[in-house]
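Undergrad: The structure is given below, and queries will be raised subsequently.
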Amino acid sequence: MSQKRNSILVVDDEAVIRDLMTDILTREGYEVESSPNGIDALLKLKAPNNFVLMFTDIMMPEMDGIQLLHQTHKLYPSVIPIVMTGYATLETARAAVKEGAYDYVLKPFSLSEIKLAVNNALERYRLVSDNARLLDLTELFKISETIATIHDEDMLLDFILRSALDRVHAERGSLMLTAHDTNELILAASIGLPKEFHQSRVKIGDSISGWVAQHGLPLCIQNIQDSPELKLLSNQLNDPSFMSVPLERKSTTEDNKLTITGSLPNRVQAVINVNAKKGGEHFTEGDLKILSILANHASVALENVRLLETLEDAHLATLKSMALILEAKDEYTHGHSERVRNYALMAAQKLGVSKHEFETLKLGAMLHDVGKIGVSDAILNKVEKLTDEEWDQIKLHPVIGYDVLHHVSFLTNQHMALIRSHHERLDGSGYPDGLAGDQIDLLVRILAVADTYDAMSGDRAYRKGLNKETILEELEFCANANKLDRDVTDLFVQLIESGEIDHFAENEPAYIDIEILAEPIK
């Protein structure tokens with residue numbers, strides 16, 4: 001149903017008044033509908049329309065004008081009410097104003113009075129609409145600025161969805177990413193969905209989201225019962241009104257090549273779905289415009305994040321290669337960084353760190369010894385006891401690693417702490433900065449124990465790897481002397497004694513999304 005421009009609703013139990021008002025307003029060029037009582041008026045307001053004004057009588061059966069004003073103000077605040085009555089009192093005037101009435105027209109009224117009331121109300125509506133649009137644009141600009149600063153894809157998708165729901169006043173929604181290798185949409189973020197929807201995957205073309213992804217067209221449905229074709233595609237919640245909008249990539253040469261089906265699925269990166277508009281209202285074309293603008297900004301941001309991730313992956317691969325090339329020069333330290341990473345991640349998982357911390361540790365542990373690239377091979381591979389000067393050179397590797405990597409944009413302060421501080425000790429006896437106690441982060445403490453364990457358990461140019469009993473004794477000594485963290489050390493002791501640690505020498509642990517895998521060691 002097409003929306004009416006400047007539609008006016010006249011509510012009066014007297015047919016002659018309804019006919020007179022309809023005739024006057026129609027001749028002035030307005031679209032007019034009428035209702036004999038408040039209940040019927042609410043039904044008309046609920047139906048798809050664009051009512052701007054509502055003239056209502058006060059004294060009516062079933063639902064009087066004051067009750068109608070109250071419900072209208074509550075459910076349809078954009079509608080401007082004007083009261084008309086032949087029984088004006090101070091009390092009714094106060095009650096009408098309290099419930100949101102904009103103006104008051106006394107019966108019998110003249111044509112000039114009606115025209116003046118309508119003109120004043122429409123001018124107010126224009127000003128309110130302009131202010132609302134300005135506010136929307138301002139908020140969208142702020143959202144766009146924030147979107148541009150987010151460089152993590154999961155955080156970006158969550159922010160996009162929350163912003164979308166907030167701007168169109170919806171209570172429930174989802175954001176689904178396209179997986180072109182499987183021709184599916186995969187749920188990436190959701191708010192207000194039941195748990196059974198959390199692992200949702202739908203074929204492109206097989207659902208409403210799939211239809212949007214396949215055709216690259218937005219949908220704004222005010223009542224799905226009026227769209228039988230779409231209703232057949234709907235396998236989601238029973239919301240009569242909803243919106244579904246694609247996030248499209250910028251056109252490229254590759255995009256212009258049609259697939260076998262004749263569609264352009266590679267253009268669509270994701271689909272935003274919003275449901276359950278607050279107050280039980282229907283979504284409007286204005287809501288769709290706001291959501292489409294937001295989707296456009298979000299699409300560019302998602303492309304940029306993925307491009308940045310690709311560049312970071314390439315950069316990271318280079319850094320990891322540096323670490324592996326360094327270790328390949330010495331048969332005794334070959335695989336050291338990977339084993340330390342695995343041991344540290346295993347301990348971190350059992351100590352209940354967050355996914356973000358887990359990923360930080362994974363990268364930092366892999367790069368922790370990169371600084372040894374600046375230490376002479378003769379010193380690193382020396383069989384005899386090191387001199388004081390040679391030992392001082394060895395102790396420079398955390399600083400060298402820090403200096404080499406600190407300018408890399410995607411390495412955070414936590415990454416750099418792992419690289420610089422993995423030889424710090426809780427009693428302040430470590431290097432290079434002599435940090436102590438709370439100055440040493442938990443992730444650094446975990447890495448320090450993992451590094452110490454691998455150094456003791458592996459062969460070196462100057463000695464064979466230590467046996468289990470000696471390693472356990474040394475770890476216990478370090479914990480008692482307040483050099484290594486007691487909780488982390490106790491965990492490693494348990495893993496060594498059980499033999500579980502041996503499995504992770506060659507197997508990288510994956511993060512399991514539960515709060516704690518094992519109770520932290522007390």
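Undergrad: Considering the stretch 109-130 alone, what residues qualify as being modelled with pLDDT under 75 and either among the hydrophobic types (A, V, I, L, M, F, W, C) or outside any helix (DSSP H, G or I) (or both)?
TA: Hits for the stretch 109-130 are Phe109, Ser110, Leu111, Leu127, Val128.
Undergrad: Sticking with this one: Give me the pairs, please: first residue somewhere in the stretch 63-86 and among the aromatic types (Phe, Trp, Tyr), second residue anywhere and not in a loop (DSSP other than H, G, I, E, B), beta-carbon distance under 6 Å, and either six or more positions apart or on two chains.
TA: Tyr76/Leu45
Undergrad: Going by the structure shown, is Ala164 in contact with a helix residue (DSSP H, G or I) (Cβ under 9 Å, 6 or more places away or on another chain), outside any strand (DSSP E or B) and either modelled with pLDDT of 70 or more or over 25 Å from Lys278 (Cα atoms) (or both)?
TA: yes
Undergrad: Sticking with this one: Restricting the search to the stretch 442-497, which residues are modelled with pLDDT under 95, basic (Lys, Arg) and touching a Ser or Thr at 6+ places or on another chain (Cβ under 9 Å)?
TA: Answer for the stretch 442-497, where residues must be modelled with pLDDT under 95, basic (Lys, Arg) and touching a Ser or Thr at 6+ places or on another chain (Cβ under 9 Å): Arg460, Lys468.
Undergrad: Only residues that are over 27 Å from Ile221 (Cβ atoms), out of contact with any helix residue (DSSP H, G or I) (no Cβ under 7 Å at 6 or more places or on another chain) and crowded, with 16+ Cβ neighbours inside 10 Å: list them for the stretch 37-63, please.
TA: Residue satisfying the conditions is Asn37 alone.
Undergrad: If you check Leu435 against the conditions, is it touching a Phe, Trp or Tyr at 6+ places or on another chain (Cβ under 7 Å) and of a type outside the set (Val, Ile, Thr)?
TA: So Leu435 does not fit the description; no.
Undergrad: So which residues in the stretch 427-442 are under 39 Å from the mean Cα position of the chain (by Cα) and farther than 19 Å from Ile394 by Cβ?
TA: Ala436, Gly437, Asp438, Gln439, Ile440, Asp441, Leu442
Undergrad: Considering the stretch 479-490 alone, what residues qualify as being farther than 15 Å from Val444 by Cα and under 40 Å from the mean Cα position of the chain (by Cα)?
TA: Asp490
Undergrad: Still on this model: Condition first: out of contact with any helix residue (DSSP H, G or I) (no Cβ under 8 Å at 6 or more places or on another chain) and among the polar types (S, T, N, Q). Now tell me which residues in the stretch 335-361 satisfy that.
TA: Once the filter is applied, which keeps residues that are out of contact with any helix residue (DSSP H, G or I) (no Cβ under 8 Å at 6 or more places or on another chain) and among the polar types (S, T, N, Q), the stretch 335-361 yields Asn342, Ser354.
The values are calculated or read from the model by the stated rules, or taken from the named source; none is laboratory data. From a predicted model like this one, the values you see are computed outputs, not experimental measurements. Glycine gets a Cβ as well: all are built from the backbone with ideal geometry, and neighbour counts include every protein chain shown.
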